[in-house]
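A quick write-up on the structure given underneath.
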Amino acid sequence: MLSFNKFRSCCVAGALLWFVTLPLSARDINVRGTVTNVEDEPLYRVSIYNATTNKLIGTTNEDGKYLVKIDAEGELLFSSLGYEEKRVAVRGELTVDVELAPSAVALEEVVVSAKRITDNVVPEPTDIEVKGNYFHIKTRVKIPKELFSTDARMIIQPGIYNVTRGQMIFLEPLVFDGKEYAITQERMYDYDTRQDPLSRYVQIKSTSSRRDDLVGYNDSTYVENPKDDFRCDMMVAMENYNRVLYRDTFVIARGVVNPLRFLEYEIPGSAVKNERFFPQPEMQLRDTRGDVNLTFRVNQSRLNLDDGDNREELQRLVSRLHEVENDPNSRLKSFSIAGTASPDGNYEKNLQLAERRMESAMELVLKEVSESTRRQIEIGTEASVEPWSQVVALLRADGKNQEADAIQAIIDKYPDNPNRQWRNVVSLPFYRPMITGEYLPRLRRVSYELLFSQYRYLTDDEIKSLYQTRSSELNRNEFWRLYNLAATPAERKAICQRALEVYPKFLVAATDLAAILIDEGKPDAELLVPYLDQPEVPDETRLNQVVAWMSVGKYAKADSLAAELPDSGSYHKAKIYAAAMNGRYDEVIQEISAESPFNEVLMLLAIKANDQAWAKAKLLGNSARENYIKAVAANRVDEVVLALSYLETAFKKDPSLRDVASVDGDVLDLLQQNEDEEE
C-alpha cells in the first residue's frame, strides 16, 4: 500500500477541449494569451481551467500560447507541474498573459505501506536510468476499481524535473479511458477519433470493473545536462465530461542512476599535425630603406671610383636599384641624395661644390634606371657644408679632446661666421698634419637613400614586434609562426585567442586552442562547433570536440562525432569512451574493463550485472571513490549495512562526494539513512 501528500498543482498533458459542448451564453468571449515563467520563457502544456466550474478548457502550445472560450466575467486557473497555480480574473479582456512562479512546495515521494488504498492512484517508485543523454523511466500505475468509473478518462503525465535549473521536461502522457467514455468520444468525433489530440496515447480499460488496473508506463527523453540534479514527477488527473474528479502529483524517482559518472579516462588535447591545414605564407607590403655613401677628393666634384670604397658602394647601389626594378613585388617610391663638402675654404664656394658633387652623383646613378622608373619615383636633393662642430665631434670620438677644445673655442668666438672660423682653424699648429689628412676627407661625401615598397615575408623579429604593436595586421601564417615560436602554453594560448579575434574562421588556431584548454582541464564545448560543417576538418578538430562534449555531458553528440574518427591511438580511446558514456555498453565493456579494475566494476554496474560488480568491487582499493563504488555495488545486492559503512568512509576521505550522493539514485536511500543516524 502507498501513502503520499496530495499536491494540488497538476498538468494534463496535451488535453484540449474534449468535454461535451454546452450552449454558450452571450457573454462568452475568446481569450488569448501567453504563459511564461519568471525568466520570460514560454511554458508548454500548462493546463487552463475555468476556475468557477473546475473544467479543463485548454492548454498552452510549445510557444506558451493558448486560446480558450470563457464567460467575460469568469476566472481562469493556470496549473502546471512544478509551478504555483495562478487565478486570473478575465474582466472582459481578450488578451490575458500570465507568469507562473516555480512551486515552493516540496512533493512527497511515493512510500510503500501495508494498507490498501482505494481512493487514490498509486504509482510505483522507480529510478531514472541514464544512458548517455537519454533518461529512461519505467514504472506501473495502480488504479483502484473504487476510484475509476467507466465514463471517466485518466490522464497520467510524467515529467523529468531538472532541480538544478528549475526546468521541466514532459514525457509522453498515458491516457486511460473507460469503455463508456471511449464510446462517447467516438460519437463526439463522428467516429474519427484522430481529431482527439490525445488519441495516440489512449488505452481503453478492458478489465472487469470489479478489478483494479495496473497500467504500465515506459518512456525516455533526451536531456542536455545529465550531470544536473533531477527527479521524476508524475501528475495524475481523472475527469469526466463535466468536471475534474481527481488530481494529484507524486515524486516517483529522485536522482539518477548513472555509475559511469565515475568512469576514469584521460584523452589529451590534440594539436593539428596535418600540414595541409597549416596557413600558407603570405607576403606583406612593407617599406624598406637602403643607403650608400660615396667620398670625394678635395675641391673635386667628379667621383673617383678608385677612392676608398666608392666602387663597391656604387655597385651595391646600382644592384639594389636593378633588384627593385626587376622584382614584381617591389616598387621604388623615392630616391634622395645629399651632397656635402668639408668646412675648409670659403663657405659659399664649398656649398656650390657640394651641389656640383650631388649633381654629378645623381647623373651617375640615374642613368642606371629605366625612364619609366625615373618618372615614377620621387627624387629629393640636398646640398650642405659640414660645420666645424662635426670635426670637433670626430676628434672627441678619437679621444683628442685638447685639439677638439681648441677648435670649439674658435666656434664659440665666431658662432655665426663660418668663414672666420675657417681662417682661425687653419692657423692652429695641428691643422695640416692632422685635420686636413685625417678628418676633412670624411666630411666630403654624397649619400643616397632609397625607399621602396615591397611585398615580402616578414622576419621573426618583425612579426614579434608587430604582434606587440599592431597585431591586427598579422596574417594567419604570421600568427602561426609566432605560435610555434612561443615558449609556454600560456603564450600559445594568448596568441591563438588573439588570432581568432582577428580571423574568427581560423580553423588551426581554434583547434590548437581547444587542445590547450583540454590540457588545462577547461574544455570549451562551443569553440569548435562552427567548424564541424566545413568540407574538410582535421581529425584533431573532431577529437578535441568529442572530448569537450563529453566533459559537459553531451554524450550523444560526442558518440556521433567520434564515429568519424580513425580507429587508432587517442582516436580509438575517444571512440570507446564516447560509446560507453552514450549507453552502448555491450560494444565496449571488454576494452574499458581491461583498462582498470575500477572501470570494470563501473561497467558491470552499468549493465546491471550487480552480483559480478559486487564480487569485483570488494577487491578494489581504499580510496574515496573506490569506497563510494563499493557502497553502490553493496546497495545493489542489498548489503545495506556494508553499503552504509563504505559510504561513510568515502565521505570522510572526500566530503565533496556527499554532493554527488545527493543526486545519485543508487545511494539516495543510504544518504538518508546516514543523515538520520547522524541526527
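Okay, residues lined up against (1) within 15 Å of residue 203 (Cβ to Cβ); (2) basic (Lys, Arg):
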{"residue": "127", "(1), (2)": "no, no"}
{"residue": "131", "(1), (2)": "no, yes"}
{"residue": "135", "(1), (2)": "no, no"}
{"residue": "141", "(1), (2)": "yes, no"}
{"residue": "147", "(1), (2)": "no, no"}
{"residue": "152", "(1), (2)": "yes, no"}
{"residue": "159", "(1), (2)": "no, no"}
Matching strands (runs of 3 or more DSSP E) fully within segment 207-287 where at least 2 residues are without any contact (Cβ under 8 Å) to a residue 40 or more places away in the chain and surrounded by fewer than 16 Cβ atoms within 10 Å (Cβ to Cβ)
none
Residue hits (segment 483-510; of a type in the set (Phe, Trp, Tyr) and assigned to a helix (DSSP H, G or I)) are 483
Can you confirm whether segment 66-85 contains a residue that is modelled with pLDDT of 90 or more and under 28 Å from residue 230 (Cα atoms)?
yes
Residue ID - farthest from residue 226 (Cα to Cα), chosen from residues in segment 109-144 that are of a type in the set (D, E, K, R) and modelled with pLDDT of 80 or more
142
Can you find a residue that is touching a strand residue (DSSP E or B) at 6+ places or on another chain (Cβ under 6 Å) and part of a loop (DSSP other than H, G, I, E, B) anywhere in segment 657-668?
yes
In the set 660, 601, the lone residue that is outside the structural domain of residue 126 (by TED's automatic domain parsing), under 17 Å from residue 260 (Cα atoms), surrounded by 15 or more Cβ atoms within 10 Å (Cβ to Cβ) and modelled with pLDDT under 95 is 660
Could you please find all residues in segment 496-553 being within 26 Å of residue 472 (Cα to Cα), hydroxyl-bearing (Ser, Thr, Tyr) and within 14 Å of the chain's Cα centre (by Cα)?
511, 531, 541
For segment 473-495, what are the residues that are within 22 Å of the chain's Cα centre (by Cα) and of a type in the set (Ser, Thr, Tyr)?
483
Among the residues of segment 162-177, is there at least one that is of a type outside the set (Asp, Glu), surrounded by fewer than 20 Cβ atoms within 10 Å (Cβ to Cβ), farther than 20 Å from residue 82 by Cβ and assigned by TED's automatic domain parsing to the domain that holds residue 126?
no
Give the residue that is nearest to residue 313 (Cα to Cα), with candidates limited to residues of segment 421-447 that are in a helix (DSSP H, G or I) and aliphatic (A, V, I, L, M).
443
Evaluate segment 563-576: report whether one residue or more is buried (at least 22 other Cβ atoms within 10 Å of the Cβ) and more than 30 Å from residue 468 (Cα to Cα).
yes
Selected residue [in a helix (DSSP H, G or I) and at pLDDT 85 or above] from 194, 187, 165:
187
Over segment 605-619, the set of residues within 38 Å of the chain's Cα centre (by Cα), within 17 Å of residue 646 (Cα to Cα) and assigned to a loop (DSSP other than H, G, I, E, B) is none
Within the set of pairs 6+ apart or on separate chains, which have a first residue in segment 414-426 that is without any contact (Cβ under 8 Å) to a residue 24 or more places away in the chain, a second that is surrounded by fewer than 13 Cβ atoms within 10 Å (Cβ to Cβ) and assigned to a helix (DSSP H, G or I), and C-beta atoms under 8 Å apart?
424/413
So, of the residues in segment 616-648 that are surrounded by fewer than 18 Cβ atoms within 10 Å (Cβ to Cβ) and polar (S, T, N, Q), which turns out to be nearest to residue 262 (Cα to Cα)?
623
Has segment 16-30 got any residue that is modelled with pLDDT of 85 or more and either within 27 Å of residue 176 (Cβ to Cβ) or not in a strand (DSSP E or B) (or both)?
no
Among 471, 465, which is the only one that is in a helix (DSSP H, G or I) and surrounded by 14 or more Cβ atoms within 10 Å (Cβ to Cβ)?
471
Output the residues belonging to segment 127-148 that are under 30 Å from residue 560 (Cβ atoms) and in a loop (DSSP other than H, G, I, E, B).
127, 128, 132, 133
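The values are calculated or read from the model by the stated rules, or taken from the named source; none is laboratory data. Please read these numbers as outputs of a predicted model, since none were measured by experiment. Cβ sites come from the backbone with ideal geometry, for glycine too, and all protein chains shown count toward neighbours.
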